[in-house]
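Bear in mind that the values in this text are calculations on the coordinates, not laboratory data. As the structure is a computational prediction, the values presented were derived from the model and not from experiment. Neighbour counts run over all protein chains shown; Cβ positions are idealised from the backbone, glycine included.
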Amino acid sequence: MGSGKSEWLNAAIAGLIHGNRPETLRLVLIDPKRVGFRRWRESAYLLEPILHHQEPATAAFERLVEEMDDRYQSMEQIGAEDWAHYMRRVSKPTPRIVCVCEEYADLLAGDRVQRKSIEGLITRLGSKARAAGLQMARDIESRMLLGSSGAENLLGQGDLLFKDLLEPVRLQGLWLDTGR
């Protein structure tokens, strides 16, 4: 505790909380060492109690994937193409859910099968989030998700990063305006 990384994570959480209400933001916090997120234990923003072990964290990631699937179904039902369009069309706010893990390496240090499961679930969440119109505001977000910066500069409307085995390449995909 007190390292630059831990303090940065806590500052990022405080920034998210500062700009939201519990109706618009819910947090899933994972803290294998039990010391990084103590200050958030009683926060009204928590979707569930802070998680400390690999097995509950895996279950939480599974719930997040299910939630993402449910949200995609809701988007489909009202004809929304992305999350921003969905939020403009629904009457009640649906909170964004942000998952933050302190000491990710410790989370993966246990059981090999659980580790593979967590890695697969995180990959699925990232893919689903990008498909829902997730845009990166800062290069750090892009580096965390893609391993390199660039997504923070995307303009939308078909502007994309394609990543195969090498570094991401910026491309312009076909954009069909829906006339919304």
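Bin width 5 Å, origin at 0, all Cα-Cα pairs of segment 4-134: what percent of pairs per bin?
2, 10, 19, 20, 20, 15, 9, 4, 1
Would you please give the residues with an amide H less than 5 Å from that of His52, counting only those at least 5 places away or on a separate chain, with H modeled from the backbone geometry?
Hits under the 5 Å cutoff: Asp31.
What is the set of long-range amide H partners of Leu46 at a cut-off below 5 Å, with H atoms built 1.01 Å from backbone N?
HN-HN under 5 Å from Leu46: Leu27.
Report the extension gain between Glu23 and Asp70 in nm, rounded to one decimal, defined as 0.36 nm multiplied by the number of residues separating them, less their alpha carbon distance.
Fully extending the segment from Glu23 to Asp70 adds 15.1 nm.
Tell me, what is the FRET efficiency for Lys33 and Val90 to the nearest 0.05, using R0 = 35 angstrom and their Cβ-Cβ distance as r?
On the way: r = 38 Å, r/R0 = 1.10.
Result of the calculation: an efficiency of 0.35.
Find which of Pro95, Met75, Gly120 sits farthest along the positive direction of the dipole of segment 4-134, computed with +1 on the beta-carbon of Lys and Arg, -1 on that of Asp and Glu, about the Cα centre.
Pro95
Amide H to amide H under 5 Å from Ile97: which residues, 5+ apart in sequence or cross-chain, H placed 1.01 Å off N in plane?
Those qualifying (amide H under 5 Å, at least 5 residues apart or on another chain) are Arg26.
Taking R0 as 30 Å, what FRET efficiency do you get between Lys5 and Leu46 from their Cβ-Cβ distance, rounded to the nearest 0.05?
Once rounded, the FRET efficiency stands at 0.90.
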